[in-house]
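These notes are about the structure you will find just below.
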Amino acid sequence: MKLFFAMFLIGLNASAASYHMVHSYPQGGPKLGDTTVIEFQLFRGTDTTPLTAADLLVEHEKLIHMMCVDSGFQQYRHEHPAEISPGVWQVPVVLDTAGNYRFFLQFLPDGEITTKTVVFDDKFVENPDQVISTTPVHPETKLTFEEGEFKVTLSYPAEPEIKKILLAEFTVEKNGVAIPLQELDNYLGAKMHIAAISADKNDFVHAHPEESGVVKVYFKQTGFYGIFMQFQYKGELHTNQFALQVKPAPSRE
């Protein structure tokens, strides 16, 4: 079995530096367009015993959340690994867009007060020589997403700015009629799940709306961010994609 080693590399959660992981593909892979089973273990500091389910606390109905996005910001997944034996976790994922993917694992160890994030990278391609674009292919700013009967709009009263909290709102419409936030299903303990990912994927924000519908997002970098919002309505899960530009802080002369 081929093993890979990955250390955390993420923005807001500096204390996560004491956590790391190893991962492998017990059924072969990574495989583009087919189910790839990812197996991994999580470790704290220099401990040689991996974290088990007993070492983690439930957050949004799950012990571990795994999100991933490709190099072109075209495909996003949010999955939930299961422990198959003490300290050994597996998660199946199907990725059909070729690219270099970054995977984000989020979890809350017992005794900690903040969520930890560990990441790893891997390449999903049709053949080893395939050239992968690292440039996002959608517009620099994209504030609406339409799919079938649904239209979702991202709005905010002030332009996104580095190291400043953005107050954002998502309006969900079906056939032109707005659906109140309260009428969306509770999905994993929230009405919406929002992931904001910087162009280099070194800043990752996972947020949820308050009761008022406002989502607070703090950006640590300037430039492009891909925004992925998920909601569930009448049992059907919807994934929506947006893009925005975070500007530098005003100069002080």
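Condition check for Lys116 on (1) loosely packed, with under 15 Cβ neighbours inside 10 Å; (2) closer than 20 Å to Ser18 by Cα: one failure, at (1).
Would you call Phe104 under 17 Å from His206 (Cα atoms), crowded, with 16+ Cβ neighbours inside 10 Å, of a type in the set (Phe, Trp, Tyr) and at pLDDT 95 or above? Considered against the rule, which asks whether it is under 17 Å from His206 (Cα atoms), crowded, with 16+ Cβ neighbours inside 10 Å, of a type in the set (Phe, Trp, Tyr) and at pLDDT 95 or above, Phe104 comes out as yes.
For Gln245, the stated conditions do not hold, so it cannot be described as more than 15 Å from the chain's Cα centre (by Cα) and under 27 Å from Leu63 (Cβ atoms). Please tell me if Glu236 is more than 17 Å from Thr115 (Cβ to Cβ) and either touching a Cys at 6+ places or on another chain (Cβ under 7 Å) or at pLDDT 95 or above (or both). Considered against the rule, which asks whether it is more than 17 Å from Thr115 (Cβ to Cβ) and either touching a Cys at 6+ places or on another chain (Cβ under 7 Å) or at pLDDT 95 or above (or both), Glu236 comes out as yes. Given the criterion within 27 Å of Phe40 (Cα to Cα), free of Cβ contacts under 8 Å to residues at least 12 places away in the same chain and not charged (D, E, K, R), identify the matching residue among Ile113, Ile132. One residue alone meets the criteria, Ile113.
Residues that are under 17 Å from Glu146 (Cβ atoms) and either modelled with pLDDT under 95 or loosely packed, with under 15 Cβ neighbours inside 10 Å (or both) are absent from the stretch 244-252 altogether. Scanning the stretch 55-79 for residues that are among the aliphatic types (A, V, I, L, M) and closer than 21 Å to Lys31 by Cβ gives Met66, Met67, Val69. The residue of the stretch 58-87 that is farthest from Gly226 (Cα to Cα), among those that are among the β-branched types (Val, Ile, Thr) and surrounded by fewer than 17 Cβ atoms within 10 Å (Cβ to Cβ), is Ile84. Please go through (1) of a type in the set (Ser, Thr, Tyr); (2) more than 30 Å from Pro250 (Cβ to Cβ); (3) surrounded by fewer than 16 Cβ atoms within 10 Å (Cβ to Cβ) for Ser155 and return the number of the only condition it doesn't satisfy. Only one criterion in (1) of a type in the set (Ser, Thr, Tyr); (2) more than 30 Å from Pro250 (Cβ to Cβ); (3) surrounded by fewer than 16 Cβ atoms within 10 Å (Cβ to Cβ) is unmet by Ser155, namely (2). Considering the conditions (1) at pLDDT 95 or above; (2) within 20 Å of the chain's Cα centre (by Cα); (3) of a type in the set (Asp, Glu), Glu140 is excluded by exactly one of them, (1).
The values are calculated or read from the model by the stated rules, or taken from the named source; none is laboratory data. Keep in mind it's a predicted model, so treat the numbers as computed, not measured. Don't worry about glycine lacking a Cβ; one is built from the backbone with ideal geometry, like all the others, and counts go over all protein chains shown.
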